[in-house]
Amino acid sequence: MREKTSILTVDSRVACFVMQAVNNSRKTQVQIAKEVGFYRPNVISMIKTGRMKLPVNKVQGFADAVDVDPVELLSLVLEEDQPEVWRALTHILGIEKVATVNTGIGDS
């Protein structure tokens, strides 16, 4: 019987950002999940692997929990998950692209 192996490829800039932030944090995923307001700590793992999106209403809490720039994270979340909203905001408010995370995904 062959052993099943799987290689998870994360192609989400948000997931990569979250993974880096969690890995750089001195907190456990359980601590982070509790601070953000998630009832289940496995939600952090699901966001890190791209199986779940980081809800917009949790961006500030997550940013505070892992000490990252909430504006950068919000811009990534909106750009990836709600591109029409992101385009409208950048156009109407004159916002420049603020996400500078180096995820290796789509970076040139």
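The values are calculated or read from the model by the stated rules, or taken from the named source; none is laboratory data. Keep in mind it's a predicted model, so treat the numbers as computed, not measured. With ideal geometry, Cβ positions are generated from the backbone for all residues, glycine too; neighbour counts draw on all protein chains shown.
Listing for the model above:
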| read-out | value |
| --- | --- |
| Segment 38-55: number of residues that are touching a helix residue (DSSP H, G or I) at 6+ places or on another chain (Cβ under 6 Å) and in contact (Cβ under 8 Å) with a residue 12 or more places away in the chain | 7 |
| Helices (runs of 4 or more DSSP H) wholly inside segment 36-93 that include at least 2 residues being under 14 Å from SER12 (Cα atoms) and of a type in the set (A, V, I, L, M, F, W, C) | 42-48, 70-81 |
| Residue count, segment 46-58 (criterion: closer than 13 Å to MET19 by Cα, polar (S, T, N, Q) and at pLDDT 95 or above) | 0 |
| Search result, residues across segment 1-32 that are modelled with pLDDT of 65 or more and small (Gly, Ala, Ser) | SER12, ALA15, ALA21, SER25 |
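This table checks each residue for (1) touching an Asp or Glu at 6+ places or on another chain (Cβ under 6 Å); (2) surrounded by 13 or more Cβ atoms within 10 Å (Cβ to Cβ); (3) modelled with pLDDT of 95 or more.
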{"residue": "PHE62", "(1), (2), (3)": "no, yes, yes"}
{"residue": "VAL66", "(1), (2), (3)": "no, yes, yes"}
{"residue": "GLU72", "(1), (2), (3)": "no, yes, no"}
{"residue": "GLU79", "(1), (2), (3)": "no, yes, no"}
{"residue": "GLN82", "(1), (2), (3)": "no, yes, no"}
{"residue": "VAL85", "(1), (2), (3)": "no, no, no"}
{"residue": "ALA88", "(1), (2), (3)": "no, no, no"}
{"residue": "GLU96", "(1), (2), (3)": "no, no, no"}
{"residue": "GLY104", "(1), (2), (3)": "no, no, no"}
